[in-house]
Amino acid sequence: MAEPLVIVGKGMAATRLVEELSARGLGRHAIAVVGEEKRRAYNRVLLSSVLAGEMAADDVELKPAAWWRDRGVTTLYGQAVTAIDRAARTIRLADGRALPYGKLVLAAGSRPIRLPIPGADLPGVVTFRDHADVVAMEDAARTGARAVVVGGGLLGIEAAYGLARRGAKVTLVHIMDRLMERQLDAAAGALLADAIRSKGIDVVLEASSAAITGETKATGLALADGRVLPADLVVLAAGIRPNADLARAAGLACNRGIVVDDGLATDDPAIFAIGECAEHRGTVYGLVEPAYTQARVLAARLCGDTGAAYAGSLLATNLKVSGVNVFSAGDFLGGEGTETLVLRDAAGAYRKLVLKDGALVGAVLFGDTRDALWFQSLIAGGESVEAIRDTLIFGQAAADLPRAA
């Protein structure tokens, strides 16, 4: 008899897990996928393209209804999970039903952080995390509308870009001295800010948000230095927090996220966690690729491969931000015992490589990212690059040229 396998969360990590299980044969599990959103699973990364009007909402759907049906997967959409009963091995749904499990996978992702400032709950204040948020921004971003986006990370930048494409007059506010400070160094951050300003978006750095003004709806963002930025719409994109409350209430070990071992198991051997809600070796990954790797390892485990193990992922970002290609990986800032190689050209491209003990340990690319995967593989491999040191900054094609005797 097939063991009931319940997956809480229906996003990209959950979908990839079902894909991986399907590739190994689904006979041993009776799978149910439970998700709070009513829509079928979609590619959250592409929501910015939907907001910008570059893609339709239906185009970002991961799998059609027939795909789930053909694999015998029960899908429960629009259903929040309110509790886990570990003793009875059931989960409780918001409508009161109890769903039994033999194995339980938590793939609940993250939720947006709402800044604890006055006015954050006013109408006209939204986050940027799911399809409903995109709809709210589309409705608000009429031509000439004033929008303030709080947060200079990827989500904030993409929200600002999408709103500007929709015709809004946008100001992007960030508390740090550069945009995407977790992925870019100061030079690349400055180049990105210039590129965003060139699209008609105001960028305000080193600005702390104090309150959202307005009585019946948002009318602006008040900064700690006394300035007030007028706004018809305020978008809070100041970060995400792992959805670990359900696991925490069930008594599972949690820090920032749900603590898992190399087999993606929690401290309850019947319960696993993957994706943005999981914390592995002290790290919570807010990226898609680590979630996909975790899904592959967990599928192997669930199908009997006890040797399958997740050893962590190299932190790397390779994407297009507001039409500009950026990439970073590893220790891109450098520190004691490291040295840097830098290349800037007249076209605005920027490359910075960080070396330590003869090996490449970090990289930042802005504009031209054609060699991103090659640099990433060198960082992951950890081998000496001394033999190609003089051409390394120019990329793989230069490194592969025949060398003079």
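Six or more apart or on different chains, Cβ under 9 Å: which pairs go from a residue in segment 132-143 that's under 15 Å from ALA56 (Cα atoms) to one that's in a helix (DSSP H, G or I) and open to solvent by 20 Å² or more (accessible area, probe 1.4 Å)? Could you list them?
VAL134/ALA57; VAL135/ALA57
Would it be correct to say that LYS38 is part of a loop (DSSP other than H, G, I, E, B), touching a Lys or Arg at 6+ places or on another chain (Cβ under 8 Å) and among the basic types (Lys, Arg)? Give the derivation first.
On the way: part of a loop (DSSP other than H, G, I, E, B): yes; touching a Lys or Arg at 6+ places or on another chain (Cβ under 8 Å): no; among the basic types (Lys, Arg): yes.
When the stated conditions are applied, LYS38 does not pass them.
Of all residues in segment 166-196, which are of a type in the set (S, T, N, Q) and more than 21 Å from the chain's Cα centre (by Cα)? Write out each step before concluding.
Filtering segment 166-196 down to residues of a type in the set (S, T, N, Q) leaves 171, 183.
Matches in segment 166-196: THR171 only.
Need at least 2 residues that are under 20 Å from ALA249 (Cβ atoms), within 22 Å of the chain's Cα centre (by Cα) and among the hydrophobic types (A, V, I, L, M, F, W, C) per element, so show me which strands (runs of 3 or more DSSP E) inside segment 92-165 make the cut, counting only ones lying wholly within it.
Result: 103-106.
Within segment 166-179, take every residue that is free of Cβ contacts under 8 Å to residues at least 40 places away in the same chain, in contact with a helix residue (DSSP H, G or I) (Cβ under 9 Å, 6 or more places away or on another chain) and part of a loop (DSSP other than H, G, I, E, B) and give me the one that is least open to solvent (accessible area, probe 1.4 Å).
Residue satisfying both the conditions and the ranking: LEU179.
Write out, first by first residue and then by second, each pair whose Cβ atoms fall under 6 Å of each other, whose residues are 6+ apart or on separate chains, and whose first residue, in segment 59-86, is in contact (Cβ under 8 Å) with a residue 12 or more places away in the chain while the second is among the aromatic types (Phe, Trp, Tyr) and outside any strand (DSSP E or B).
That search, which allows pairs on different chains as well, returns THR75/TRP68.
Here is a list: GLY251, GLY226, GLY200. Which entry is of a type in the set (Gly, Ala, Ser), part of a loop (DSSP other than H, G, I, E, B) and touching a helix residue (DSSP H, G or I) at 6+ places or on another chain (Cβ under 7 Å)? Show your work before the answer.
On the way: GLY251 fails: touching a helix residue (DSSP H, G or I) at 6+ places or on another chain (Cβ under 7 Å); GLY226 fails: touching a helix residue (DSSP H, G or I) at 6+ places or on another chain (Cβ under 7 Å).
Just a single option satisfies the conditions, and that option is GLY200.
Each row is one residue, and each column tells you yes or no for (1) over 23 Å from GLY362 (Cα atoms); (2) in a loop (DSSP other than H, G, I, E, B); (3) touching a Gly at 6+ places or on another chain (Cβ under 8 Å).
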{"position": "ARG256", "(1), (2), (3)": "yes, yes, no"}
{"position": "GLY263", "(1), (2), (3)": "yes, yes, no"}
{"position": "GLU276", "(1), (2), (3)": "yes, no, yes"}
{"position": "TYR292", "(1), (2), (3)": "no, no, no"}
{"position": "GLY304", "(1), (2), (3)": "yes, yes, no"}
{"position": "GLY312", "(1), (2), (3)": "no, yes, no"}
{"position": "LYS320", "(1), (2), (3)": "no, no, no"}
{"position": "ALA329", "(1), (2), (3)": "no, no, yes"}
{"position": "GLU339", "(1), (2), (3)": "no, no, no"}
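The values are calculated or read from the model by the stated rules, or taken from the named source; none is laboratory data. Since we're looking at a predicted model, the values are computed, not measured. Positions of Cβ are backbone-derived with ideal geometry, glycine not excepted, and every protein chain shown enters the neighbour counts. Only protein heavy atoms, including side chains, enter the accessible area calculation; ligands, DNA and RNA are left aside. Shrake-Rupley method; radii C 1.70, N 1.55, O 1.52, S 1.80 Å.
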